[in-house]
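Reviewing the structure listed below.
Each reported figure results from applying straightforward, stated rules to the coordinates on display, with no laboratory input. Because the structure is predicted, anything quoted here is derived from the model rather than measured. Neighbour counts are summed over all protein chains in view; Cβ atoms, including those assigned to glycine, are modelled from backbone coordinates with ideal geometry.
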Amino acid sequence: MTERLAVYGTLMPGGENHWLVRNIAGEWTEGHVLGWSYPIGFGPADGYPGITLDPAGSRVEVAILTSDRLDKHFREIDDFEGPGYRRVKCDVELPDTTRLTAWIYETDPEAD
C-alpha cells in the first residue's frame with residue numbers, strides 16, 4: 001500500500017537523522033503544511049524541532065516521501081521518534097497546489 005511521510009527538521013534530506021529514512025525506496029517531493037514549527041523545550045524531545053499542525057498557522061516546509069514500503073518502516077520510525085511525538089495524518093500542499101494526505105510526526109504536548 002502506498003503511503004506518504006512528510007518530514008521536517010532532522011529527518012529532512014541533509015538533516016542529521018535523515019539516515020533513518022534515506023534508504024526507504026520511494027520518491028521525494030517538496031511541499032508545505034500549515035502549523036507552527038519550533039524547538040521543543042520540554043519532555044523527551046527536548047532540544048529537537050517540533051511542529052503543531054494548525055490550519056491558521058504559517059507555512060512549514062516539508063519533504064514528502066511517497067513509498068509502497070513505508071508501512072514496513074513505521075514501527076522503526078515510531079520507536080526512533082519516541083514519546084515526544086505522535087504520528088498523525090495531515091494535509092500537505094505541493095508547489096503546484098496539489099493537495100495530498102501524509103503522515104507527519106507532530107509534537108505530543110502530553111508526553112513526559
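Across the Cα atoms of the chain, what radius of gyration and what greatest pairwise Cα-Cα distance (Dmax) are found, in Å?
Calculated on Cα positions, Rg and Dmax stand at 13.2, 39 Å.
Find how much the distance from residue 56 to residue 76 grows on full extension, using 0.36 nm per residue of separation minus their present alpha carbon separation; answer in nm with one decimal.
4.0 nm
Expressed in nm to one decimal, what extension gain is obtained for the pair residue 88 and residue 69 from 0.36 nm per residue of sequence separation less their Cα-Cα distance?
Gain on extension, residue 88 to residue 69, equals 5.1 nm.
Which ³J(HN,Hα) values, rounded to whole Hz and listed in residue order, are derived for region 4-19 from phi using the Karplus coefficients 6.51, -1.76 and 1.60 in 6.51 cos²θ - 1.76 cosθ + 1.60 with θ = phi - 60°, glycine and proline given as x?
10, 10, 9, 10, 9, x, 6, 8, 5, x, x, x, 5, 10, 4, 3
Going through region 68-112, which GluC sites (Glu not before Pro) have at most 13 other Cβ atoms within 10 Å and a DSSP loop state?
Those satisfying the criteria are 110.
Amide H of residue 12: which non-local residues (sequence gap of 5 or more, or other chain) have their own amide H closer than 5 Å, using H built in the peptide plane?
none
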